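Where a number appears in this text, it was derived from the coordinates with a stated rule and is not lab data. What you see is a predicted model, and the numbers here were worked out from it, not measured in a lab. Cβ atoms come from the backbone with ideal geometry, glycine included; neighbour counts cover every protein chain shown.
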Amino acid sequence: MIRIKPPLLIFIAFSLWSFGAFAGKPLVFSTPDGAIEGYDAVAYFTQGKPVRGSDQYSVEWNGATFKFSSLEHLDLFKASPEKYAPQYGGYCAYAVSEGATASTVPEAWTIVDDKLYLNFSLGVRNRWSKEIPGRVARADANWPDVLN
């Protein structure tokens with residue numbers, strides 16, 4: 001008999017509830033505030049923390065609005081969006097490694113090998129962090145097929 005721990009069961013249930021089992025999810029996870037809930041993707045690299053972006057410094061990329069805290073960050077992103085955009089379109093890296101998608105929060109982030117990864121919560125980030133190389137390999141293999 002397979003036993004699933006309650007936190008994982010809750011995570012899976014919420015993931016299915018929040019996104020449903022329908023095909024055609026957007027390439028970038030976005031909220032009404034934009035990608036990364038309106039936080040500055042470049043700031044994770046330059047300031048080492050989540051920083052709220054501004055409507056004044058925004059750009060559309062891969063179907064989502066990315067916001068930045070300064071013109072300098074906007075210009076850096078525009079010059080190299082793949083360098084700064086979160087992996088897996090900003091969907092939860094742990095969920096993608098499990099063959100699913102889930103929303104993310106700006107506070108649950110990690111930079112590994114100069115790539116930004118986001119997670120559903122700080123607790124999920126802690127689980128993901130225990131096996132980063134394997135999780136990244138599985139997520140890379142699942143992406144972008146998990147959007148279908």
What is the projected area of the convex hull of the Cα atoms of the stretch 6-147, averaged over all directions, in nm²? 7.9 nm²
At each listed q (0.11, 0.23 Å⁻¹), what is the log10 of I(q)/I(0) that the Debye formula gives for the stretch 78-141 modelled as equal alpha-carbon point scatterers? -0.21, -0.89
Counting other Cβ atoms within 10 Å, keep those with at most 10, restrict to DSSP loop, and tell me which GluC sites (Glu not before Pro) in the stretch 92-142 are left. none
